[in-house]
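The values are calculated or read from the model by the stated rules, or taken from the named source; none is laboratory data. Since we're looking at a predicted model, the values are computed, not measured. Because the Cβ atoms are built from the backbone with ideal geometry, glycine has one as well, and the counts that use them run over all protein chains shown.
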Amino acid sequence: MLEETEVNEEPPPPAPPKRRRRGRILAVLLLLFILLVGTGAGYVWWAMGGTANGSPVRVIIPEGASGSEIAAILQRAKVVRSGFIFRLVARLRGVSTDLKPGAYDLTTGMGVTKALDKLRTGVPLKVFRVTIPEGKTIPEIAAIVGKDTKITAAQFLAAVRSGRHRLPIMPKGSTNLEGLLFPKTYEIVEKTSADELVDMMLNQFTMDTAGLDFSKAAAHHITPYQAVIVASLIEREAKVERDRPLIASVIYNRLARPMRLQIDATVEYAILLQTGHYKFPLTTDDYTNVHSAYNTYLHDGLPPGPIASPGLAALQAALSPANTNYYYYVLTSDQRSHCFARDQAEFNRCRNAA
């Protein structure tokens, strides 16, 4: 008879260390993947949504705007939280090409779905385009607004002169907006008020000049506001791009000497203020008989305010003039540019050649 013997079963050997490490890494990666998916889904959910108590906002979608441009406009206006998600949803729904240009009364935080539906099925408001060229005065701008929009010239002038609108660059206590209504093409709707349009023009000044270094004005011993005055003189005097920094240098050279500026455009503006219209050409008597603080033939230094709305190029020239020893300039015979001179003798030669 065989005897029963015990069989000692030994436990399995432990898993190799490498296998355990690989398992932990896979677990961590899986957890990270779940977190990323959850975070991404949460972001999309947040970006798609809106707020219950948004504020009214008017948004203008230009003719020919691309999907990305429309998305950026809506995000800037805070209608949607993410322009990228708006564009993505529009593509997924196949409605990217269905968005209509025009003006829309929307609300901030209305969300992607509602904004898409509004731009697809809503009836946009009629848009009026009004172009303000460089070098125009407030009365001239008012006339353009009255011609091209539903706002009358009188309504626009009343808003400009109301004292309700200001920019930080303006001197303390000043309500004069001359030179600050930025020249550009504006798109407005029938409901746009005169005050809203004035605010648009002032905001445009702020946005378009944000890249300029107005601290450079101090190098010429003037304030940033006076740099706008200089730019307005340049805008009214210059005929071609290359003349702007040269005219700026003449202005600063005369101020530093000091010499009276004797700029015809200031006399023309003074006559405009007194009579309601420009006078061309000026006579010799105008230089001495037009009694106004703007007449730089009679008064030292800069005029008290801008004489027109300067464009960006004139503002850049005022802040970065050419380095010259010119003190005079006169129109050339073709009336298209200026001849610059260092002294009276050179000026006389320029004038005789004109």
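Worth a mention:
- Selected residue [among the aliphatic types (A, V, I, L, M), modelled with pLDDT of 95 or more and exposed (fewer than 15 other Cβ atoms within 10 Å of the Cβ)] from 227, 219: 219
- For the range 325-344, the set of residues classified as among the polar types (S, T, N, Q) and either touching a residue at least 24 places away in the same chain (Cβ under 8 Å) or under 19 Å from residue 253 (Cβ atoms) (or both) consists of 325, 335, 337, 344, listed by residue number.
- Residues satisfying the stated conditions in the range 247-287, i.e. in contact (Cβ under 8 Å) with a residue 60 or more places away in the chain, farther than 18 Å from residue 301 by Cα and crowded, with 17+ Cβ neighbours inside 10 Å: 272
- Residue in the range 333-353 that is acidic (Asp, Glu), part of a helix (DSSP H, G or I) and touching a strand residue (DSSP E or B) at 6+ places or on another chain (Cβ under 8 Å) present: yes
- Residue 51 meets the conditions (1) within 30 Å of residue 178 (Cβ to Cβ); (2) of a type in the set (Val, Ile, Thr); (3) at pLDDT below 90 in every case but one. The failed one is (1).
- Only one entry in 173, 211 is at positive phi and free of Cβ contacts under 8 Å to residues at least 12 places away in the same chain, namely 173.
- Of the helices (runs of 4 or more DSSP H) that lie entirely inside the range 97-163, those containing 1 or more residues that are of a type in the set (Lys, Arg) and crowded, with 18+ Cβ neighbours inside 10 Å span 112-121.
- The set of residues in the range 304-332 that are assigned to a helix (DSSP H, G or I) and more than 11 Å from residue 230 (Cα to Cα) comprises 312, 313.
- Top-ranked residue in the range 179-217 [being within 12 Å of residue 231 (Cβ to Cβ) and part of a loop (DSSP other than H, G, I, E, B); ranked as farthest from the chain's Cα centre (by Cα)]: 179
- If you go through the range 69-102 and keep only what is in contact (Cβ under 8 Å) with a residue 40 or more places away in the chain and either farther than 25 Å from residue 192 by Cβ or among the hydrophobic types (A, V, I, L, M, F, W, C) (or both), you end up with 70, 74, 85, 89.
- Residue tally, condition assigned to a loop (DSSP other than H, G, I, E, B) and either under 26 Å from the mean Cα position of the chain (by Cα) or crowded, with 18+ Cβ neighbours inside 10 Å (or both), over the range 74-96: 6
- Within the range 54-71, considering residues that are in a loop (DSSP other than H, G, I, E, B) and at pLDDT 85 or above, the one surrounded by the most Cβ atoms within 10 Å (Cβ to Cβ): 54
- Among (1) of a type in the set (A, V, I, L, M, F, W, C); (2) in contact with a helix residue (DSSP H, G or I) (Cβ under 7 Å, 6 or more places away or on another chain); (3) at pLDDT 95 or above, the one test that residue 154 misses: (2)
- Inclusion of residue 347 among residues that are without any contact (Cβ under 8 Å) to a residue 24 or more places away in the chain and aromatic (Phe, Trp, Tyr) is warranted.
- Residue match in the range 165-178 (condition: surrounded by 13 or more Cβ atoms within 10 Å (Cβ to Cβ) and closer than 16 Å to residue 132 by Cα): yes
- Cβ-Cβ contacts under 6 Å between residues 6 or more apart (or on different chains), taken from a first residue in the range 292-315 that is modelled with pLDDT under 95 and basic (Lys, Arg) to a second residue that is buried (at least 17 other Cβ atoms within 10 Å of the Cβ) and in a loop (DSSP other than H, G, I, E, B), are absent.
- Scanning the range 194-213 for residues that are among the small types (Gly, Ala, Ser) and closer than 22 Å to residue 76 by Cα yields a count of 2.
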